[in-house]
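Here the structure is laid out as structure tokens; the discussion comes afterwards.
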Amino acid sequence: MENKIGIIDEGKKVFEIEIDELKKIKDKVDENFEKLVNMIFNLGKNKVVITGIGKSGIIGEKIAATLASTGTSAIFVNSAEALHGDLGMISEGDIVVGISNSGNSDEVLSILEPIKKIGAKIVCLTGNKNSTLAKYSEVVVNIGVDKEVCSIGAPTSSTTATLVMGDAIAACLMKLRNFTKNDFAKYHPGGSLGKRLLLHVSDLMHIGEELPVLSENDPIETVVMTLTKKKMGAVCISENGKINGKLVGIITEGDIRRALQHKEKFFSYSARDIMTKSPIFINKEAMALEALNLMENRKNEIGVLPVVEDGKVIGIIRIHDLIGLK
């Protein structure tokens, strides 16, 4: 017979239990936590080695990855694999963070003596302050929970607590190092955040034959044909009508539509009659995200920016080139 449960209620109960346990763990962030953070911060050229087995090991991999991506040299070593050669990844002076909720995982305990002989420091995240792992450790950070979310005691609240404690360590280290978004981007050049923070206007702007540039004296027919041919959504107007000339204005598709309201005069116009003088522009060395913000955060949004260098037009960048940076 099918065993029916209130699935939504059961799901919410998991959140309630884990949130309650995390609140308790927050109160365990004490001087031992502070000591561990300072030990890692003062490591110098050495690294942090996270080790564990099973679910704790999986959480340990994530903690190591977070540390490594936020300015702390860190690796993960599976405790079982360490017995078969991976201890070679550990060097004298390293800090080895053993993760074990019970503090008595055989695989973790079996590598403690070898780690001491190597000359690395042992610390731990454990829920058992009286465990063998805790006795081997210079610093013990308590991640003990009162309740897992299921009756059989499968690692749930305990692994969440370990994960958050790892995040807290990483976040404190970032603060101590004044780790910035640009620092983060260096380690994530392929990620969306990295792309946003590393790309400059010069990486995306249109130049050369793609760049529509005319002079103030060019007739409206030339402006319209250039807009149509170049498909940039705007034409830059320079003092000499050429690339690298002094930027004096810009004509957008919107300017053409407004000019068409005066049909009887339209074909008598030249570029100077309809251009926007002293337009907003951006430097090629500016961040691409800055260009996007400049276009979007205005009373009247604009879709195109001239790119200048020493007052001279050298390129153009469109909002379409920047889609995906947010």
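The values are calculated or read from the model by the stated rules, or taken from the named source; none is laboratory data. Please read all numbers here as calculations on a predicted model, not as lab measurements. Neighbour counts run over all protein chains shown; Cβ positions are idealised from the backbone, glycine included.
Does GLU264 count as modelled with pLDDT under 90, on the phi < 0 side of the Ramachandran plot and not assigned by TED's automatic domain parsing to the domain that holds ALA68? Please lay out each step first, then the result.
Values: modelled with pLDDT under 90: yes; on the phi < 0 side of the Ramachandran plot: yes; not assigned by TED's automatic domain parsing to the domain that holds ALA68: yes.
Criteria met by GLU264.
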Condition set assigned to a helix (DSSP H, G or I), out of contact with any Ser or Thr (no Cβ under 9 Å at 6 or more places or on another chain) and farther than 19 Å from GLU34 by Cα, scope region 137-186, selection modelled with the lowest pLDDT: answer is ALA185
Could you identify the single residue in LEU109, LEU67 that is crowded, with 19+ Cβ neighbours inside 10 Å, of a type outside the set (Phe, Trp, Tyr), in the same structural domain as ASN32 (by TED's automatic domain parsing) and more than 15 Å from THR159 (Cβ to Cβ)?
-> LEU67
For region 228-274, name all the residues that are assigned to a loop (DSSP other than H, G, I, E, B) and farther than 19 Å from ILE207 by Cβ.
-> LEU260, GLN261, HIS262, PHE267, SER268, TYR269
Close pairs from region 69-83: first touching a residue at least 40 places away in the same chain (Cβ under 8 Å), partner buried (at least 19 other Cβ atoms within 10 Å of the Cβ) and of a type in the set (Lys, Arg), Cβ under 9 Å, at least 6 apart = THR72/LYS47
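Residues are listed down the side, and each one gets a yes or a no for (1) surrounded by fewer than 20 Cβ atoms within 10 Å (Cβ to Cβ); (2) within 37 Å of the chain's Cα centre (by Cα); (3) more than 27 Å from ILE323 (Cα to Cα):
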| position | (1), (2), (3) |
| --- | --- |
| LEU204 | yes, yes, no |
| GLU221 | yes, no, yes |
| LEU227 | no, no, no |
| LYS230 | yes, yes, no |
Of the residues that sit in region 240-272 and are hydrophobic (A, V, I, L, M, F, W, C) and touching a Gly at 6+ places or on another chain (Cβ under 9 Å), which one is surrounded by the most Cβ atoms within 10 Å (Cβ to Cβ)?
-> ALA271
For ASN293, all conditions in the list (1) surrounded by fewer than 13 Cβ atoms within 10 Å (Cβ to Cβ); (2) without any contact (Cβ under 8 Å) to a residue 12 or more places away in the chain; (3) in a helix (DSSP H, G or I) hold save one; what is the number of the exception?
-> (1)
From ILE111, ILE122, grab the single residue that is of a type in the set (A, V, I, L, M) and either under 28 Å from ILE19 (Cβ atoms) or in contact with a Phe, Trp or Tyr (Cβ under 7 Å, 6 or more places away or on another chain) (or both).
-> ILE122
Looking at region 224-249, which of its residues are in contact (Cβ under 8 Å) with a residue 40 or more places away in the chain and closer than 15 Å to SER270 by Cβ?
-> SER238
Can you give me the ranges of the helices (runs of 4 or more DSSP H) entirely in region 22-124 with at least 2 residues that are among the charged types (D, E, K, R)?
-> 31-41, 54-69, 106-109, 112-118
ASN217: passes all of (1) of a type outside the set (Gly, Ala, Ser); (2) crowded, with 17+ Cβ neighbours inside 10 Å; (3) in a loop (DSSP other than H, G, I, E, B) but (2)
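Criterion first (over 24 Å from ILE220 (Cβ atoms), under 26 Å from the mean Cα position of the chain (by Cα) and basic (Lys, Arg)) does LYS284 satisfy it?
yes
Considering only region 131-146, I want to know if a residue exists there that is of a type in the set (S, T, N, Q), free of Cβ contacts under 8 Å to residues at least 40 places away in the same chain and in contact with a strand residue (DSSP E or B) (Cβ under 6 Å, 6 or more places away or on another chain).
yes
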